[in-house]
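Some notes on the structure that comes next.
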Amino acid sequence: MQLLKSCLLLCLMALPAIAGVKVGKVDYLGWKDAIEINNGEVKLIVVPAIGRIMHYGYLDGDNILWSDPQFHGKVLPKGMPNIDEEGNFAWTNFGGDKVWPNEQSEFEKINGHSWPPDHAFDGAVHEARLLADGVVITGPVSEYNGARSVREIRMAAEGTRVDIVQHVEKVAAAANADIEPLRYTIWNVTQIRPPEQTFYPLNPHSHFDMRYFPFGFAESAAMRNFTIKGDIGIFVPDPVDAQKTGADSDRWLAGIVGDVAMVEFFRRDATRRYPDGGLSAEVYTCADYTELELLSPWVYLQVGEVLTHPIAWELQRLSKDLDTPDARRQAVVEWLAARAD
C-alpha cells in the first residue's frame, strides 16, 4: 500500500503542463516572481506582488493592457497605500487588471475614505499557486470589509482565450459592525491602452431610457461621444474630458487597440440586482487609458459565503483591409455573432 501511495505521488509530481501551455516565473518590468502563461500564440503575465494581470497580448504584438511606467517594479509601502503631500491616502495606479469588491459610492462608509479603492484588492501582495495552465492568486483579507479576492486564471491550449473565475470570499465581519450585512460586487477593472473605440450590445429591454447611462461627472462629453447603431453602443475616447458610460448589457464588452480587438465575455443575471443603478458593463476613458469594467450582481454576504463571477478574454486580429472604424467594428460584431457561445 505504501508503494502504491509513493507511485501515485510520483505520478502527480510528474504531471506535464496542459499541452501547449507553459507556466513559469519571470522578471517583468522590475517585478520579480511574476507568472507568465504562454501557449505559443499569446502570453499573459500576472504580478502577485501587486495582485493583478499586467500583460495580455500576442507573442509578436504589443501588450493590450496599459501600465504606468513610473510605478514599474514598485509595490505598496508595507502593503499600505501611498500618502500624498497633504497626508491622505493616494492611489497608486499601476494599471493592468484587478478586482474591486464594493460599489464606489460605498467606499467612504466601508473603508473610511472615498478614494483610493481598498488596498487589499488594489495593490496588495497576493499569494500565487501555479496550475498546469495558469495560476490562482489570492489576496489578503480586507481590514475594512472582511473579504478577499481569489482569481483562477487559465489559458486555452490554442487560440487566445483566457478564462478567469473570480471569487469574493467573506472571511470576517466588516471593521464597522454598523454597516453589516454588507453588499459586495465583483467589479473587474481592466485598463487598456487608448482604443480607437469600445462597444457593447445594448439591452433591448433596458430600464435606462437611452439603453445606456452617461455618468454625471462628464455627462455632456459622454453623450457626445456615444452613438448607437442597431443594438450596439459605441463609445470613443474624448481628446480632453475623462468620461464614463455603462449599460445593463449581456455577453461581451470590446475595445479595438490598433489592429487588435480585445473582447471580455460575461453573463448578466436579469433576476438579480446590479451596482450603479443596474449596470453590468461600464467603460471609462481618459487621455492615458481606457477601462473595460464588468460588474457582478450586488449581493449581501455573510461570513463564510462566496460571490462568484466568471469572465473570459479573447483577442482577435483585424485585417488591414478594414480601413474604417465602422468596418473594423462590424468585423468584430460579425465574429462574435458567429460564435456558438
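Since every read-out is calculated from the coordinates, none of them should be taken as a lab result. In this text the structure is predicted, and so the values were computed from the model without any measurement. Counting neighbours? That spans all protein chains shown, and the Cβs are built from the backbone with ideal geometry, glycine included.
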### Query
Regarding Lys98, is this residue within 24 Å of Gln166 (Cβ to Cβ) and part of a strand (DSSP E or B)?
yes
### Query
Going by the conditions given, is Val125 within 20 Å of the chain's Cα centre (by Cα) and either in a loop (DSSP other than H, G, I, E, B) or surrounded by fewer than 22 Cβ atoms within 10 Å (Cβ to Cβ) (or both)?
yes
### Task
Determine if the range 149-157 includes at least one residue that is assigned to a loop (DSSP other than H, G, I, E, B), more than 19 Å from Pro48 (Cβ to Cβ) and among the aliphatic types (A, V, I, L, M).
yes
### Message
So if I check each of Phe94, Phe89, Phe107, which one is more than 25 Å from Val21 (Cα to Cα) and free of Cβ contacts under 8 Å to residues at least 12 places away in the same chain?
### Response
Phe107
### Query
List pairs: first in the range 301-320 and within 30 Å of Pro181 (Cα to Cα), second in a strand (DSSP E or B) and β-branched (Val, Ile, Thr), Cβ under 6 Å, 6+ apart or cross-chain?
Leu307/Val168; Leu307/Val299; Pro310/Val165; Ile311/Ile164
### Criterion: under 30 Å from Tyr58 (Cα atoms), in a loop (DSSP other than H, G, I, E, B) and in contact (Cβ under 8 Å) with a residue 12 or more places away in the chain - qualifying residue of Asp241, Asp276, Asp288
Asp288
### Query
Can you name every residue in the range 158-169 that is surrounded by fewer than 19 Cβ atoms within 10 Å (Cβ to Cβ), at negative phi and either assigned to a loop (DSSP other than H, G, I, E, B) or more than 14 Å from the chain's Cα centre (by Cα) (or both)?
Glu158, Arg161
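Considering only residues that are within 24 Å of Gly95 (Cα to Cα) and either outside any loop (DSSP other than H, G, I, E, B) or without any contact (Cβ under 8 Å) to a residue 60 or more places away in the chain (or both), which ones fall in the range 170-214?
Within the range 170-214, Tyr184, Trp187, Asn188, Val189, Thr190, Gln191, Ile192, Gln197, Thr198, Phe199, Tyr200, Pro214 meet the criteria.
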### Task
Output the number of residues of the range 104-116 satisfying the condition of being surrounded by 18 or more Cβ atoms within 10 Å (Cβ to Cβ) and either more than 25 Å from Val46 (Cα to Cα) or touching a helix residue (DSSP H, G or I) at 6+ places or on another chain (Cβ under 7 Å) (or both).
4
### Task
Check off (1) within 26 Å of Arg154 (Cβ to Cβ); (2) in contact with a strand residue (DSSP E or B) (Cβ under 6 Å, 6 or more places away or on another chain) for Arg328 and give me the number that stays unchecked.
(1)
